[in-house]
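Trainee: Quick one: this structure, given as structure tokens, is what I'll be asking you about.
The values are calculated or read from the model by the stated rules, or taken from the named source; none is laboratory data. None of these values were measured; they are calculated from a predicted model. Because the Cβ atoms are built from the backbone with ideal geometry, glycine has one as well, and the counts that use them run over all protein chains shown.
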Amino acid sequence: MNEKPFKTIDEQINILKSRGLIFENEDAAKNSLKQYGYYEIINGYKTPFLKEGSSEQFKSTATFEHIFALYN
């Protein structure tokens, strides 16, 4: 089985930023990622916020808060 290496919360946020995701409140996002997990929030609910034809790049208006609102 191919397991992905552990990433800290800061590393997870940097990955998301590098993919174009905007953070309105980074501290709140860190708390959400700690409490609920990257996979639960991002992988489960990112699809509507991705650029067409991309599996990793976010639309220019996409925010973590949009994804987290959909998660909730």
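Trainee: Scan the stretch 52-63 and report the pairs whose first residue is β-branched (Val, Ile, Thr) and whose second residue is loosely packed, with under 15 Cβ neighbours inside 10 Å and modelled with pLDDT of 95 or more, with Cβ atoms within less than 8 Å and a gap of 6+ or a chain change.
Mentor: Listed by first residue and then by second, the contacts come to 63/24.
Trainee: In the stretch 10-26, which residues are surrounded by 15 or more Cβ atoms within 10 Å (Cβ to Cβ) and assigned to a helix (DSSP H, G or I)?
Mentor: First, pick out the residues of the stretch 10-26 that are surrounded by 15 or more Cβ atoms within 10 Å (Cβ to Cβ): 12-13, 16, 19-23.
Once the filter is applied, which keeps residues that are surrounded by 15 or more Cβ atoms within 10 Å (Cβ to Cβ) and assigned to a helix (DSSP H, G or I), the stretch 10-26 yields 12, 13, 16.
Trainee: Taking only the stretch 27-58 into account, find how many residues are closer than 15 Å to residue 15 by Cα, of a type outside the set (A, V, I, L, M, F, W, C) and surrounded by 13 or more Cβ atoms within 10 Å (Cβ to Cβ).
Mentor: Going through the stretch 27-58 one residue at a time, the tally reaches 5.
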